[in-house]
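Structure first, then comments.
No lab work stands behind these numbers, since they all come straight from the coordinates. Quick caveat, the model's predicted, so the values are computed rather than measured. Every residue, glycine as well, gets a Cβ built from its backbone with ideal geometry; the counts of neighbours run over all protein chains shown.
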Amino acid sequence: MNILIFVFIFLLGTIIGSFLNVVIFRFNTGKTIVKGRSICMTCSQTLRWYELIPVFSYVFQLGKCRRCSERISHQYPLVELATGIVFVLIAYHFLPVLSLSPISYLFLLSFFVFIFSILIVISVYDIRHKIIPDKLVYVYAFVSFLSIFVNHSTFGSLFTLPSLSFIVAGPVLALPFAFLWFVSKGQWMGLGDAKLMLGIGWMLGASLGLASIILAFWIGAVVSLSIMFISRQKITMKTEIPFAPFLILSTLIVFLFNLDIFSLASLFQF
C-alpha cells in the first residue's frame, strides 16, 4: 500500500515539477505563469498534450523538439525528476504520522512539499540567473514563519506554540549573511542569501539551521573544487557561484535526517 502511495506522490511531484519549470522560465519575463499554452522556446510552436508528459516526453523525443529538432533544455526532466524525488522523501519522512492521523499526514505533506517547491524554484532560478527573486524568497520566509507553529515531529499534536529560540532563529542566522553582504558590498555574499537564511532559520530552528549552513559550505567547497578540477579554471572571490542551491540542498538533508550541529560533527568522528 505504501509503495502505491509513493508512486502516486512521485508522479504528482513530476507534474508539479513541470509547472515549476514554467515558473522558472517565465518568472520576471512579463509572461503569465498560470495562463497560456506551452510552446517550443525555439520555433514557438504550441506543444501537444503528449509532448508535455513529465520526463517521458523528453525521453521519447530524445531530448529534441519534434518539429524543429532543436535540443530541449536538460532542466525540464531534471527539475521534474528532482521534484518527484523530493516529494517522495518528504512523504517517507512523515510516514509514521499516516497510521496515527491521515489528516495530519496530508497536512504536513502538503505544507512541506509547498515549501520545498518554492525552494526548488529559487535554487534553479539562482543557478540560471545568479540572483534570488525577492518575491519568491519573501513568500518562502512568510510560510517558514508560519511553520514555527507546526509540529515538525512525527509524533505529538499537529500545531504548537513556538519557543523564543525558534522565533529569533531566523533573524539570528540571517544576520551573519547580511553582514558579509554589507562589508563586501555584495561581492562575497548576496543579500538574497540572507533573506533565504531568514526562512531557513525559522523552518529549522537555530541548531538545525546552523547545521544546514555548515553543510552548505562543505557542499559548496566540494562542488567548487570539482569545477576547478574539471574545467581547469581558477575560482577566485570574483567568480560567481550561486550559494542558494547549496543552502537549499543542505536544508533538505538536515530536515529529512534531523541533523543538528552535534550529529553533523559525529559523522566525521572516527
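Across all Cα atoms of region 114-178, the radius of gyration (one decimal) and Dmax (whole number) stand at 14.0, 42 Å. Extension gain, L100 to V183, is 24.9 nm, computed as 0.36 nm per intervening residue step minus the present C-alpha separation. From least to most packed, judged by other beta carbons within 10 angstrom and beginning with the fewest, R71, R66 follow the order R71, R66.
Short-range pairs are left out: with C-alpha atoms under 8 Å and at least six residues apart, the relative contact order of region 132-270 is 25 percent. Beyond 18 Å, what share of the Cα-Cα pairs of region 113-270 remains, rounded to the nearest whole percent? Everything past 18 Å amounts to 59 percent. Taking the helices alone, the chain has a mean residue ellipticity at 222 nm of -22000 deg cm²/dmol, built from -39,500 (n - 2.57) per DSSP H run of at least 4 residues and averaged over all its residues.
Across region 68-81, rounded Karplus estimates of 3J(HN,Hα) from the backbone phi angles (6.51 cos²θ - 1.76 cosθ + 1.60, θ = phi - 60°) give 9, 6, 6, 5, 8, 4, 5, 4, 4, x, 5, 5, 5, 5 Hz, Gly and Pro being marked x. Normalising the Debye intensity of region 71-124 to I(0), with uniform scatterers on Cα atoms only, and taking log10 at q = 0.13, 0.15, 0.27 Å⁻¹ returns -0.38, -0.47, -1.01. How big is the Kirkwood radius of the chain, worked out from every pair of different alpha carbons and given in Å to one decimal? About 20.1 Å for the chain.
Just the Cα atoms of region 62-168, one point each, no solvent: what log10 I(q)/I(0) does Debye give at q = 0.19 Å⁻¹? Here the Debye-derived log intensity ratios amount to -1.05. Highest mobility in the GNM of the chain, judged by mean-square fluctuation with C-alpha springs under 10 Å and restricted to S110, S73, S18, is found for S73.
Relative contact order of the chain: 16 percent, from C-alpha pairs under 8 Å at least 6 residues apart in sequence.
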